[in-house]
Amino acid sequence: MKFATKAIHTGNEPNLKEGGSGDVVVPIHLSTTFARAKVDRPTAGYEYSRSGNPTREALEKNLAALENGKYAFAFSSGLAAMTNILLLLKQGDHLLSIDDVYGGSRRLFTKVFGDFGLEFTFADFCQGKEILPHLTKNTKVIWIESPTNPLLKIIDIASVAETARAKGILTVVDNTFASPYFQKPLDLGADIVIHSMTKYIGGHSDCVAGGVVVRDEQLSVRLKFLQNAVGAILSPFDSYQILKGIKTLSLRMKRHEENALKIVDFLSRQPKVKKIYYPGLSTHPNYDIAKKQMTGASGMLSFELDTDLALSVKFLESLKIIAVAESLGVVESLIEHPASMTHASIPAEDRAKIGLSDTLIRLSVGIEDADDLIADITQALEGI
Ligand code: P1T
């Protein structure tokens, strides 16, 4: 099946067996536990809702299919999903991460797992050979966001994964910014994909959720164990919400990109805009890699105004349709100031090292009419 068909049908198959109800929408199974006729035999494989729930399982099946994976696990947030991946590691293990990651990811690495003896290095790499100087004998994971949050850097996933694999190192890709519609890291050689499903996958700003997808059975067994043992599972209602969001993922992603391209074109003609970060622009430093590994550039972009912090803030606060808010990848356009919002937990000196300036603005282009979004940006630019 092709992507749009899988998004609607996989995991959502009606139960047409004798006694089945034939629902075309997956029911929300709220039961926390499942009764059995025989002490040693769970009735339909379900025992207790933390270890397995039919609604969550439907979503997990769907998510695995979207990423061309075999096994998926749904968690109560993107950070909970990341936590479960990090729990694959042991004290003394080293993780090399791309330097430009979501502020909360960096906080989880350094301020939580750092205290449990995991070691982290942040570096700017694009190709496999660039990771080599940063590897130690204990490196177990390479962590990639591509495109990165918020500078939209593009990392050559196939090249990094090939180098990592030769050294027995796992490649993890946070695919939140691209969504599986535009990029499938497992097909490019990555071992683990993680999503903040709060973003494009859910798409409607009504559910915080995370997901992990793998192909390898051994990894899946450990992740399944950790999901149950640690317990940060996605609730049945939220699983239903995310499944519902996924049904329109392909339509939404097309429109997100279409609108982003129009806005990038508009911004590139504005004298008050100093720099635009968007992987769909032929002037992006890694445009060729983006073209090779993504089928579209998505709806995320960042830009800098040719002004100071105070006027950048004035610009943000003058917007009427586009909301100033954290989060991204949702139907409504959201704009934010990374240095004081999503990436405020990163010390200023580290932000400077990454190139994340105090005047950087990140825009998550929604699926409204692009003309209205451009009119809103125009009136806010006129005020500065
Ligand atoms: O918010 P949560 O569902 O826990 O996901 C965390 C997360 C993980 N990975 C990436 C790339 C992310 O962008 C996020 C969350 N990011 C925001 C809330 C934000 O506005 O950037």
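The values are calculated or read from the model by the stated rules, or taken from the named source; none is laboratory data. As the structure is a prediction and not an experimental result, all values here were calculated from the model. Backbone-built Cβ (ideal geometry, glycine too); neighbour counts: all protein chains shown. For accessibility, only protein heavy atoms count, side chains too; no ligands or nucleic acids. Shrake-Rupley method; radii C 1.70, N 1.55, O 1.52, S 1.80 Å.
Take the Cα of residue 225, step 7 Å toward its Cβ, do the same at residue 129, and the gap between the two points is 4.0 nm. Which shape class, rounded, prolate or oblate, goes with region 173-316 when its Cα gyration tensor gives a ≥ b ≥ c as root eigenvalues, a/c under 1.5 marks rounded, and past that a/b bigger than b/c marks prolate? Judged from the Cα gyration tensor, region 173-316 comes out prolate (a/c at least 1.5, a/b above b/c). Using the Cβ-Cβ distance between residue 331 and residue 13 with R0 set to 25 Å, the FRET efficiency from 1/(1 + (r/R0)^6) comes to roughly 0.40. Within the straight-line cut-off of under 21 Å between alpha carbons, the lysines reachable from residue 6 are 61, 70, 184, 199, 244, 247, 254, sequence neighbours fewer than 8 places apart in one chain being disregarded. Each Cα pair under 8 Å and six or more residues apart adds its sequence gap; the mean of these over the residue count of the chain is a relative contact order of 17 percent. Normalised per residue, the accessible area of the chain is 43 Å², obtained with a 1.4 Å probe and no contribution from ligands, DNA or RNA. Each of residue 115 and residue 324 was given a label point 7 Å from its Cα along the Cα-to-Cβ line. The distance between the two points is 3.2 nm. Rolling a 1.4 Å probe over the protein heavy atoms of region 210-321, with every protein chain left in place, gives an accessible area that is 54 percent carbon and sulfur. Stretching residue 274 away from residue 382 to a fully extended chain increases their span by 37.3 nm, per 0.36 nm per residue minus the current alpha-carbon distance. Most mobile of 191, 23, 358 per a Gaussian network model of the chain (Cα springs, under 10 Å)? Judging by the Gaussian network model, the answer is 23. Of the residues 224, 254, the one with the largest accessible area comes first in the ranking 254, 224, computed with a 1.4 Å probe on protein heavy atoms.
The DSSP beta bridges internal to region 3-246 are antiparallel in roughly 45% of cases. What percentage of the solvent-accessible surface of region 13-110, computed with a 1.4 Å probe over protein heavy atoms, is contributed by carbon and sulfur atoms? Looking at region 13-110 in its full context, I get 54 percent from C and S.
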